[in-house]
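Engineer: This is the structure, below, for whatever I ask next.
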Amino acid sequence: MNNLKLGVEVTAAHGLVAKDGEGSSNAYVELHFDDQKFRTSIKERDLNPVWNETFYFNISDPNNLSDLTLDAKVYSYNKTTRTKPSLGKVTIHGSSFVPYSDAAEFYYPLEKHNLFSRVKGELGLKVFLTDDPSINPSNPVPDMESFAMSDPLETRLQENEAPPRSSSYSSISTSSSRRRSGSRHTFRHLAKEESETKSQPQPQPQPQPQSSTTSGTKSEAQPPKFVQFSGPSSQPVDYKLRELSPNLGGGRIVGGRVVRNNYSSVGPFDLVEQMQFLFVRVVKARDLPTMDITGSLDPYVEVKVGNYKGVTKYFDKNSNPEWNEVFAFSRDRLQTSVLEIKVKDKDLIKDDFVGVIRLDLHEVPTRVPPDSPLAPQWYRLEDKKGEKISKGELMLAVWYGTQADEAFPDAWHSDAIAPPDLSAASYALIRSKVYHSPRLWYLRVNVIEAQDLVVSDKGRFPDVYVKAQLGTQVSRTKPAQTRTGNPFWNEDIMFVAAEPFDEHLILTVEDRVGPNKEETLGKVIIPLATIRKRPDDKNFPSQWINLLKPSVADVEEQEKKVKFASKLHARISLDGGYHVLDESTYYSSDLRPSLKQLWKPSIGVLELGILNADGFHPVKTRDGRGTADTFCVAKYGQKWVRTRTIIDSLSPKYNEQYTWEVYDPATVLTIGVFDNGHLDENKDTKIGKVRIRISTLQAGRIYTHSYPLLVLHPSGVKKMGELHLAIRFSCTSMTNLMFLYSKPLLPKMHYSRPLSMTQTNALRANAIIILASRLSRAEPPLKKEVVEYMCDADSHFWSMRRSKANFYRIIALLQGLIAVGKWFGDVCQWKNPVTTVLVHLLFVMLVCFPELILPTVFLYMFLIGLWNYRYRARHPPHMDTRISYADSVTPDELDEEFDTFPTTKSSDALRWRYDRLRSIGAKVQAVLGDIAGQGERAQALLSWRDPRATAIFLTFCLVAAVTLYAIPLQVMALIGGFYIMRHPKFRSNLPSRPVNFFRRLPAKTDYLL
């Protein structure tokens, strides 16, 4: 039975047009959806009516929900003429409907009914989907004719019986009625994905992407060619990108384009090389013979191909077990033509043989998606001599396939064989996995004031503050002293909350009675699920919260009504208009706000093929030789992917493909390579990282490059190997993509109510901690060190190397201005008379025709851009050791960068570093003093600190004013220009008179001690 309903809460309207001829309107709202119509009550003579009425519509066909629209029409009822002039309407498409947990109140601008309508104002609606069977649809309203002929007062009384709104927690009472701000921003409905129109409050799990290729002939890749970096930066050739021409599933990639074979088909995953696997699905067994004396059997299956062996789990005392496990053996590594499937009985000393099935690999069929899965068959068990045994059958399915097969992600892989001492349960820790990070919110607690606080010591003024706690996050307001027991703070406390909201916000009012001694005056516990979501920066209603005694402050006690208690006045909200920064702002992969209703439609699709790696350095030792157990992690937006772990290989082949939706081009895809520490019960070791900015990719082009993995070690920069990737960005709407370049980078709440840099850094650290905690609970888990490395958690730490790199970046930016100044100096010195004469002619033309100045400047920049097009980058940017200042860093600077915080170094090393920082600070201090002195000299021109200098300057200003009034400005500009560019014969080596006069002016250095 279909229980899905559409709920519409009509809250209020703002700034309506007066339609009754007396400067007011009798407003009501008609709701139309899916051939159903409901009306609110009439609010007489009110241009800012408040309804707070909720209606529920039946949804006849949920599959067509995206094609339906909700129309909210606002009318003014005229009692004299019995008419209903229109005040505007709002249309909301079904693709923007969200579940109740994600819904928030929006104020939609009213639109015209027709071309000649006069409309203004906004209508507040909260639209949501629900499948609660206890909710009944609203009663239908009478026809419009009977409504117009009935008494308005009677109609209003009948329709005003709206169901009461449920309170989140009874101890919290909202202050006064709704507050309407003076101005309101406009929010338009946004198109949503079809998956978000479901009635379930939690999102549906997304299927794990599978890497695949289509069938085709595998050939050797062409030798890679070097790609030169544009710009002055130069680094070793071994650290540069290399463009590849691999033979992928769609064909050979040459110059970013696909050269297809005539006989090859193209599948959905065409950015990886085709890999053949032998798949063996062990489904179940029946009528297995008993082997123990007790008549029981603990069966398991052993699948063996040559030297590779996979084992299922075993069942206790079960003759008809069901496993349904899949094994994948790389076809390139098969060393035999016989597949053996043995059934054994688990025993303490030695496992007993039950039966065996032998299959010829030459007879195994090949399955190519989208063919249907191969149906399993029953096979009779044989003894060791090859004769059929009396009882016991095993259901199997055996076929050849590629990584495009749907069984590939969950299969046991022969190229990921773990050491023999690894338990069977740990095989899940080396499989590929797709993770979805939790949606993060900013929780804002605006602590305003408290009333009726009762302290134990009546003879002193209490020093009161509020402590707020959410999980491990704790923050306090400033202490406030009060004589009346009513302290006032009006401070904002910010936390990071993650869905699902299973934590509680704890507010405690404490009195500081002495050093490190506090007395609790009241406490309240608020579940996060009951806190309202805030989509914008409009005025939000505050609440008076009853404070309970510390002994009874729990969730259950809050539900009891309290006759008298201390109260806390606060404004608490989940701010969905912000984007919670959980990574460095320079490398953000997602810029969308927390509230789903504010999300814009996607602009394209990003596809990543993780091909293979080459030349990895050994990370660990096993059996006396160096090796590595590597896997890759890719992060973009809320979606994290992890490849399977390739065991004991320094040149692993992954060939897995993943896909992301792109919402903003100014985002970065991050790929990291790690050594799996689960196998040795150690931490995961970082091997390298690759960052790819989406805005640097051409739409439709396939980028196949070998990325060097560069890692900074205490001994210096080191290349750990190379990672081969295939990347393609497909744009679905070029118009929307271009339009995004004119939009703010972050959601507008970051600009209307900006957070300080200190707040942003603290919240980002908390967000990374929450993210690492959630992802570490998955299976296989993403460890804390992996999440922190992918999110650049240590990017804000001090580093002398980074400081030098940023300084030289500024110098590189100023080199252009320095080059222009040097060129103009050569012009003034007449080093090239022809150039100087041409500059004089251009100067005269621009002075005589000043309207040509801006067109000339923009034309010049246009020509420069066309000239630089020949030297544009042909590849995504990658890490540069020269720009990072990693190739010339000193050992002490590296030792300082890898030092912990707080430091663990000796006092002598700290003293040396402190002295070095003092010398650097002295240079910075001198530069800042010179800049301040120049500005103070400019102020001294009119401050009469030097009376003679000020008198001279005032005399000059008077003469200049009279001269400029008498002589045209263009003539003065020509005279000034010719004077500056005069011939060296008319120049002196001494400074000019204005410079000498300026340098003699006093600065405030005389005031310094």
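The values are calculated or read from the model by the stated rules, or taken from the named source; none is laboratory data. Note that the structure is a prediction, hence the values are computed from the model and not measured. Counting neighbours? That spans all protein chains shown, and the Cβs are built from the backbone with ideal geometry, glycine included. For the accessible areas, the whole protein counts, side chains as well, though only heavy atoms, and no ligand, DNA or RNA atoms are used. Shrake-Rupley method; radii C 1.70, N 1.55, O 1.52, S 1.80 Å.
Engineer: Suppose we filter the range 265-280 for residues that are crowded, with 23+ Cβ neighbours inside 10 Å and either among the β-branched types (V, I, T) or at pLDDT below 85 (or both); how many remain?
Structural biologist: Residues that pass the stated criteria total 6.
Engineer: Test each condition in (1) in a strand (DSSP E or B); (2) hydrophobic (A, V, I, L, M, F, W, C); (3) within 17 Å of L394 (Cβ to Cβ) for L288 and report the one that comes out false.
Structural biologist: In the conditions (1) in a strand (DSSP E or B); (2) hydrophobic (A, V, I, L, M, F, W, C); (3) within 17 Å of L394 (Cβ to Cβ), L288 misses (1) alone.
Engineer: Considering the range 623-658 alone, what residues qualify as being in contact with a strand residue (DSSP E or B) (Cβ under 9 Å, 6 or more places away or on another chain), acidic (D, E) and assigned to a loop (DSSP other than H, G, I, E, B)?
Structural biologist: D629, D648
Engineer: Let me ask you something else. Anything in the range 336-370 that is in a strand (DSSP E or B) and among the acidic types (D, E)? List them, or say none.
Structural biologist: Listed by number, the residues that qualify are E340, D345, D352, D360.
Engineer: Can you tell me how many residues within the range 449-474 are touching a residue at least 24 places away in the same chain (Cβ under 8 Å), open to solvent by 20 Å² or more (accessible area, probe 1.4 Å) and either part of a strand (DSSP E or B) or on the phi > 0 side of the Ramachandran plot (or both)?
Structural biologist: Counting residues in the range 449-474 that are touching a residue at least 24 places away in the same chain (Cβ under 8 Å), open to solvent by 20 Å² or more (accessible area, probe 1.4 Å) and either part of a strand (DSSP E or B) or on the phi > 0 side of the Ramachandran plot (or both) gives 7.
Engineer: On the basis of being more than 18 Å from D405 (Cβ to Cβ), modelled with pLDDT of 85 or more, buried (at least 19 other Cβ atoms within 10 Å of the Cβ) and among the charged types (D, E, K, R), does K346 make the cut?
Structural biologist: Considered against the rule, which asks whether it is more than 18 Å from D405 (Cβ to Cβ), modelled with pLDDT of 85 or more, buried (at least 19 other Cβ atoms within 10 Å of the Cβ) and among the charged types (D, E, K, R), K346 comes out as no.
Engineer: Now, a different point. Just give me the residues in the range 291-309 being in contact (Cβ under 8 Å) with a residue 24 or more places away in the chain and closer than 22 Å to W399 by Cα, in sequence order.
Structural biologist: Selection gives Y300, V301, E302, V303, K304, V305, G306, N307, Y308.
Engineer: I would also like to ask the following. Give just the number: which of (1) at pLDDT 85 or above; (2) out of contact with any helix residue (DSSP H, G or I) (no Cβ under 6 Å at 6 or more places or on another chain); (3) farther than 26 Å from M757 by Cβ does A873 not satisfy?
Structural biologist: (1)
Engineer: Also, I was wondering about something else. Is it the case, given these coordinates, that S715 is touching a residue at least 40 places away in the same chain (Cβ under 8 Å), open to solvent by 40 Å² or more (accessible area, probe 1.4 Å) and within 22 Å of the chain's Cα centre (by Cα)?
Structural biologist: So S715 does not fit the description; no.
Engineer: Across the range 502-526, which residue is least open to solvent (accessible area, probe 1.4 Å) among those that are touching a residue at least 40 places away in the same chain (Cβ under 8 Å) and either over 18 Å from K567 (Cα atoms) or assigned to a loop (DSSP other than H, G, I, E, B) (or both)?
Structural biologist: Checked the range 502-526; the qualifying residue least open to solvent (accessible area, probe 1.4 Å) is V513.
Engineer: Additional query: With the requirement that a residue be open to solvent by 80 Å² or more (accessible area, probe 1.4 Å) and part of a helix (DSSP H, G or I), what does the range 735-752 give you?
Structural biologist: T735, M738, F739, Y751
Engineer: OK, next. Note down all Cβ pairs under 7 Å where the first residue falls in the range 980-1009 and is of a type outside the set (D, E), the second is assigned to a loop (DSSP other than H, G, I, E, B), and they're at least six residues apart or on different chains.
Structural biologist: These pairs meet every condition: H983/W830; P984/Q829; P984/W830; L1001/D946; P1002/R945; P1002/D946.
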